[in-house]
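Novice: Just passing along the structure, written as structure tokens.
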Amino acid sequence: DIQVTQSPSTLSASVGDRVTITCRASQNINVWLAWYQQKPGKPPKLLIYQASTLQPGIPPRFSGSGSGTEFTFTISSLQPDDFATYYCQQYDTYSVTFGQGTKLEIK
Amino acid sequence: QMQLQESAPGLVRPSETLSLTCTVSGASISHSSYYWGWIRQPPGKGLEWIGAVYEDGDTRYNPSLKSRVTISVDTSKNQFSLSLRSVTTTDTATYYCVRHFGSIDWSDPWGHGALVTVSS
């Protein structure tokens, strides 16, 4: 199975900050990676797929990059609504695994 | 707009079978060319993919759960279902149904989720 290691597990930041989250896959997954945002009591919301493609309706302050085994997710300027938990997810030939999650907290 | 809604028992006894159904509205499972899946999240923890079913009944499962899981589809009711056998307290989680794009790639939309507690 392909494992995904996400870091950091917790991130403290302020409104207006630029933040970055990293995911590392245990083997080459090309660009087969998605990012989700989850708020308490709600299902995850798809933000990005294929490593860098923004889901329609998602603000452009969210972005993703990377390929192979190293991926990054960036919020260019944090807004109050962005404080949530973020997950990466790899998808490789009928196999899906999630990162452990990053809780983005207000500093 | 497509919506997914889980229905679940709420409480299941250890060693019994957990059964959930997802009803799809706003779109038809038939001729959709999508996989329909289940993902769970234990309280306060991360996400775990359980498995998925295609409109023709083809199924794919998480190897760690495969021996206990069956996922099926009923296109006449526009529903798909999850059965998890021999449950323990570690199966307590919120269970989400999802639509998968591609060959079980990213997931969108998600159902609201159903909390299932395994307890005696």
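Novice: Please compute one quarter of the surface area of the Cα convex hull for the range A:29-107 and express it in square nanometres.
Specialist: 5.6 nm²
Novice: Report the antiparallel proportion of the DSSP beta bridges in chain B as a percent, rounded to a multiple of 5.
Specialist: Of the beta bridges lying entirely in chain B, close to 95 percent run antiparallel.
Novice: Then there's this: Per-residue HN-Hα couplings for the range B:115-120, Karplus 6.51 cos²θ - 1.76 cosθ + 1.60 at θ = phi - 60°, whole Hz, x for Gly and Pro?
Specialist: Each residue of the range B:115-120 in turn: 7, 10, 10, 9, 7, 8 Hz.
Novice: Would you look at the GNM of chain A, springs on alpha carbons closer than 10 Å, and say which of A:Gln27, A:Gln50, A:Gln90 moves the most?
Specialist: So, out of A:Gln27, A:Gln50, A:Gln90, the one fluctuating most is A:Gln27.
Novice: What residue among B:Val73, B:Gly57, B:Ala114 has its Cα farthest toward the positive end of the dipole of chain B, where the charges are +1 on Lys, Arg and -1 on Asp, Glu, each on the Cβ?
Specialist: Highest projection toward the positive end goes to B:Ala114.
Novice: Beyond a 22 Å Cα-Cα separation, which of these cross-linked pairs lie in this structure: A:Lys39/B:Lys77; A:Lys45/A:Lys103; A:Lys39/A:Lys107; A:Lys42/B:Lys45; A:Lys45/B:Lys77; A:Lys45/B:Lys66?
Specialist: Pairs exceeding the cut-off: A:Lys39/B:Lys77; A:Lys45/B:Lys77; A:Lys45/B:Lys66.
Novice: Whole-Hz ³J(HN,Hα) for each residue in the range B:45-55, computed from phi via Karplus 6.51 cos²θ - 1.76 cosθ + 1.60 with θ = phi - 60°, x for glycine and proline: what do you get?
Specialist: Each residue of the range B:45-55 in turn: 10, x, 9, 9, 6, 9, x, 7, 10, 8, 4 Hz.
Novice: With +1 on each Lys and Arg Cβ and -1 on each Asp and Glu Cβ, how big is the dipole of the protein assembly as shown about its Cα centre, in debye rounded to the nearest 20?
Specialist: The calculated dipole for the protein assembly as shown is roughly 420 debye.
Novice: Counting alpha carbon pairs within less than 8 Å and at least 6 residues apart, what relative contact order, in whole percent, applies to chain A?
Specialist: Numbers: 270 pairs, mean separation 40.8, N = 107.
Once divided by the residue count of chain A, the mean separation gives 38 percent.
Novice: Do you know which residues of the range A:59-107 lose at least 20 square angstrom of accessible area in the protein assembly compared with their chain on its own, with a 1.4 angstrom probe?
Specialist: Buried by 20 Å² or more upon assembly, which counts only protein chains, are A:Tyr87, A:Tyr91, A:Tyr94, A:Val96, A:Phe98.
Novice: Once you've got the GNM for chain A with C-alpha springs shorter than 10 Å, pick whichever of A:Ile29, A:Ile21, A:Ile58 has the biggest mean-square fluctuation.
Specialist: Comparing A:Ile29, A:Ile21, A:Ile58 in a Gaussian network model of chain A, the most mobile one is A:Ile58.
Novice: A further question follows. Hand me the chymotrypsin sites (Phe, Trp or Tyr not before Pro) from the range B:65-100 located in a DSSP loop with no more than 15 other Cβ atoms within 10 Å, in residue order please.
Specialist: Hits after loop and neighbour filter: nothing returned.
Novice: Can you send over the carbon and sulfur percentage of the accessible area for the range B:43-110, probe radius 1.4 Å, protein chains only? List each step's numbers first, then the result.
Specialist: On the way: 1290 of 2830 Å².
Whole-percent figure for carbon plus sulfur exposure: 46.
Novice: Report, in debye and to the nearest 20, how large the dipole of chain B comes out about its Cα centre when Lys and Arg carry +1 and Asp and Glu carry -1 on their Cβ. The partial results should precede the final answer.
Specialist: Values: 9 positive and 10 negative charges, 68 e Å.
Dipole magnitude for chain B comes out near 320 debye.
Novice: Using a 1.4 Å probe on protein heavy atoms only, how many Å² of accessible area do A and B hide from each other, summed over both chains and rounded to 100?
Specialist: Values: alone 5780 and 6140 Å², together 10240 Å².
Chains A and B together bury roughly 1700 Å² of accessible area.
Novice: Name the residue, out of A:Asp17, A:Asp81, A:Asp92, whose mean-square fluctuation peaks in a Gaussian network model built on chain A with Cα pairs under 10 Å.
Specialist: Between A:Asp17, A:Asp81, A:Asp92, it is A:Asp81 that shows the largest mean-square fluctuation.
Novice: Right, another one. Per residue, how many Å² of accessible area does chain A show with a 1.4 Å probe? Don't skip to the end; give the middle numbers.
Specialist: Values: 4920 Å² over 107 residues.
Accessible surface, normalised per residue, equals 46 Å².
Novice: While we're looking at this one, here's another question. Please give the average number of partner chain Cβ atoms lying within 10 Å of the Cβ of each residue in A:8-16, rounded to a whole number.
Specialist: Shielding by partners across A:8-16 averages 0.
Novice: I would also like to ask the following. Taking the convex hull of the alpha carbon atoms in chain B, what volume per residue do you get, in Å³?
Specialist: So the per-residue hull volume is 95 Å³.
Novice: Could you please state how large a percent of the accessible area of the range A:17-103 is carbon and sulfur, counting protein chains only and using a 1.4 Å probe?
Specialist: Of the solvent-accessible surface of the range A:17-103, carbon and sulfur hold 47 percent.
Novice: Now a separate question. Could you tell me which of A:Ala34, A:Thr22, A:Tyr86 has its Cα farthest along the dipole of the range A:1-93 towards the positive end, charges placed at Cβ (Lys, Arg +1; Asp, Glu -1), taken about the Cα centre?
Specialist: A:Tyr86
Novice: Averaged across B:29-41, how many Cβ atoms of other chains sit within 10 Å of each residue's Cβ atom?
Specialist: That works out to 1 on average.
The values are calculated or read from the model by the stated rules, or taken from the named source; none is laboratory data. Note that the coordinates shown come from a computational prediction; the quantities given were computed from them, not determined experimentally. Counting neighbours? That spans all protein chains shown, and the Cβs are built from the backbone with ideal geometry, glycine included. Protein only, heavy atoms only, side chains kept; ligands, DNA and RNA dropped before computing areas. Shrake-Rupley method; radii C 1.70, N 1.55, O 1.52, S 1.80 Å.
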